[in-house]
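The values are calculated or read from the model by the stated rules, or taken from the named source; none is laboratory data. As the structure is a prediction and not an experimental result, all values here were calculated from the model. Cβ: placed from backbone, ideal geometry, glycine included. Neighbour counts: every protein chain shown.
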Amino acid sequence: MTPELALKHIWTLAGCDPVALHAVSLAGADPGLPSVYHVGSLASSTIAATGLAAAEYWRLRSGRRQRVSVQMRRALAAFRSERYLRIDDGPPPALRDPVTGFYETGDGRWIQLHTNFAHHLKGVLDVLGCENGRESVAAAIRGWEGATLDQTLADAGLCAALIRTPDEWAALEQAKAIARLPLFEIERIGDAPAEPPRHADADAEPGIDRPLACVRVLDLSRIIAGPVAGRALAHHGADVMTINGPHLPNIAPLVIDNGRGKRSALVDLRDAAGCETLRGLARDADVFLQAYRPGALAARGFGPDELARLRPGIVYVSVCAYGYTGPWAQRRGFDSLVQSASGIAWTERAAAGSAEPRHLPCQALDHATGYLAAFGAMVALARRAREGGSWHVKVSLAQTGRWLQSFGLLADGQQAPEVSLDDVRDCVASVQSEFGRVLGVQPAEELEQTPAFYAQPPARIGAHEARWT
């Protein structure tokens with residue numbers, strides 16, 4: 001699959017103007033990283049789609065087209081943004097708990113544990129009845145049959161995945177449910193008047209003529225996929241406010257990397273006052289981005305239908321792990337777990353001839369899903385501008401993973417060289433922040449008239465008031 005064909009698929013599926021594709025230039029070919037999968041095509045196409053959607057939304061206000069270009073090496077650097085992050089020229093930040101990883105089970109299978117949150121780690125240790133540490137965990141897991149442990153951990157609401165072959169995954173009811181879904185969905189969920197792109201006040205700050213100027217986004221997501229979506233909207237000019245609960249865990253380097261361009265506020269949805277605060281913010285928002293498990297926010301009164309009634313014209317964006325139908329819809333998941341469950345980690349291992357399963361060389365499902373979420377949000381904003389309505393955009397890691405698997409395999413893909421930070425120095429830039437001097441990957445999509453950039457440095461969780469400015 002070439003980047004051009006992948007981009008055409010995204011653009012056509014969304015029902016966008018095919019003429020706009022003539023304004024896109026893509027450069028580079030797989031393999032750009034050591035993998036048998038077309039990760040570069042996935043990166044270039046999803047990022048180009050996001051950039052082109054931004055350019056098309058800007059055209060609605062300005063009446064002008066602009067060219068969009070993406071170099072694959074820059075797109076792949078963006079897909080590894082958390083890996084290249086540096087603070088005050090220090091070492092790469094730690095992103096994983098030591099117990100996270102692959103383990104061999106008693107019946108010769110492999111299982112992956114995901115224990116980066118303290119309560120997930122504790123839950124796994126309680127199920128296994130062992131001490132904290134890889135050796136203790138490995139010894140305990142050798143006493144389990146793989147499928148039984150996988151189901152036991154899932155039933156306990158914990159994060160793990162049995163390593164399956166692609167055929168084993170395809171035979172599961174969840175895979176069959178995913179196979180019936182498109183790559184993403186953009187559906188109208190309510191009536192509302194048309195809302196053309198708003199113009200900034202004449203005395204607004206310089207550079208206000210950006211694609212998403214005056215678009216307000218509430219970002220209720222953590223870790224990578226959802227935050228990448230919010231970050232992409234921010235680097236095209238949206239006013240993005242991240243909303244965290246004071247009790248919710250986070251991973252500090254990801255807060256920094258994905259917080260660039262955003263403000264950050266604390267709102268506790270466990271109490272009535274917090275819910276009322278969020279309702280007040282939502283009434284004046286354009287996009288409501290959330291990455292909770294399906295139904296979790298609806299239980300607190302913040303589902304798509306409720307938001308469409310509260311704020312007619314809202315663009316509600318949902319991101320989840322395993323999709324919105326099927327027996328795994330409520331299962332907790334992360335990028336690496338979806339890779340493990342769906343056969344990607346097995347395929348990479350088989351190609352490498354390695355002893356253990358092997359993941360993709362980046363969190364490709366997270367990043368691609370994030371860019372698809374941002375793309376869907378901008379397409380929905382454009383539809384709202386032309387025809388009105390409230391809209392719901394749905395994406396999932398599993399749907400993205402299935403699409404990547406459909407690209408086919410690169411016979412010698414794992415022979416591609418590794419790409420270090422020094423190899424992508426032209427793709428990164430530094431900014432002073434309250435965390436220190438942050439070195440981060442810059443937006444990969446190049447728009448000739450409205451360049452993408454981060455208007456403000458990352459901020460600590462809760463650094464700002466929960467109100468629009």
**OP:** Select, from Arg425, Arg460, the only residue that is without any contact (Cβ under 8 Å) to a residue 40 or more places away in the chain and either closer than 17 Å to Leu254 by Cβ or not in a loop (DSSP other than H, G, I, E, B) (or both).
**Re:** Arg425
**OP:** Being charged (D, E, K, R) and part of a helix (DSSP H, G or I) is the filter; apply it to region 142-198 and report the residue that is nearest to Ala368 (Cα to Cα).
**Re:** Lys176
Original post:
What about Ala273, is it surrounded by fewer than 19 Cβ atoms within 10 Å (Cβ to Cβ), under 24 Å from Gly333 (Cβ atoms) and over 18 Å from the mean Cα position of the chain (by Cα)?
Top reply: no
**OP:** May I ask you to list the residues in region 294-328 that are among the hydrophobic types (A, V, I, L, M, F, W, C) and in contact with a strand residue (DSSP E or B) (Cβ under 7 Å, 6 or more places away or on another chain)?
**Re:** Leu297, Leu307, Ala308, Ile314, Val315, Val317, Val319, Cys320, Ala321
**OP:** Taking only region 306-320 into account, find how many residues are assigned to a helix (DSSP H, G or I) and surrounded by fewer than 23 Cβ atoms within 10 Å (Cβ to Cβ).
**Re:** 3
**OP:** Could you figure out which of (1) outside any helix (DSSP H, G or I); (2) touching a residue at least 60 places away in the same chain (Cβ under 8 Å); (3) closer than 23 Å to Arg231 by Cα isn't true of Ser25?
**Re:** (2)
**OP:** Output the residues belonging to region 276-294 that are surrounded by fewer than 19 Cβ atoms within 10 Å (Cβ to Cβ) and among the charged types (D, E, K, R).
**Re:** Glu276, Arg279, Arg283, Asp284, Arg293
Original post:
Which of the following residues is touching a residue at least 60 places away in the same chain (Cβ under 8 Å), in a helix (DSSP H, G or I) and of a type in the set (Asp, Glu): Glu348, Glu356?
Top reply: Glu348
Original post:
Any chance region 91-100 includes a residue that's over 30 Å from Ala138 (Cβ atoms) and among the acidic types (Asp, Glu)?
Top reply: no
Original post:
If you take the residues in region 445-469 that are of a type in the set (S, T, N, Q) and modelled with pLDDT of 95 or more, which one is surrounded by the most Cβ atoms within 10 Å (Cβ to Cβ)?
Top reply: Thr450
Original post:
Mind checking which residues of region 254-278 are over 30 Å from Leu52 (Cβ atoms) and touching a helix residue (DSSP H, G or I) at 6+ places or on another chain (Cβ under 6 Å)?
Top reply: Val267, Asp268, Leu269
**OP:** Look through Thr50, Thr2, Thr46, Thr12 and report the one residue that is in contact with a His (Cβ under 9 Å, 6 or more places away or on another chain), surrounded by fewer than 19 Cβ atoms within 10 Å (Cβ to Cβ) and either among the β-branched types (Val, Ile, Thr) or modelled with pLDDT of 95 or more (or both).
**Re:** Thr2
Original post:
Does Val428 count as surrounded by 18 or more Cβ atoms within 10 Å (Cβ to Cβ), of a type in the set (Val, Ile, Thr) and either out of contact with any Lys or Arg (no Cβ under 7 Å at 6 or more places or on another chain) or at pLDDT below 95 (or both)?
Top reply: no
Subject >> Given (1) free of Cβ contacts under 8 Å to residues at least 40 places away in the same chain; (2) over 16 Å from Asp97 (Cβ atoms), number of the condition Glu131 does not satisfy >> reply: (2)
Subject >> Failed item, numbered, when Gly237 is tested on (1) surrounded by fewer than 23 Cβ atoms within 10 Å (Cβ to Cβ); (2) within 20 Å of Thr50 (Cβ to Cβ) >> reply: (1)
Original post:
Across region 209-223, which residue is nearest to the chain's Cα centre (by Cα) among those that are farther than 23 Å from Arg437 by Cα and part of a loop (DSSP other than H, G, I, E, B)?
Top reply: Ser221
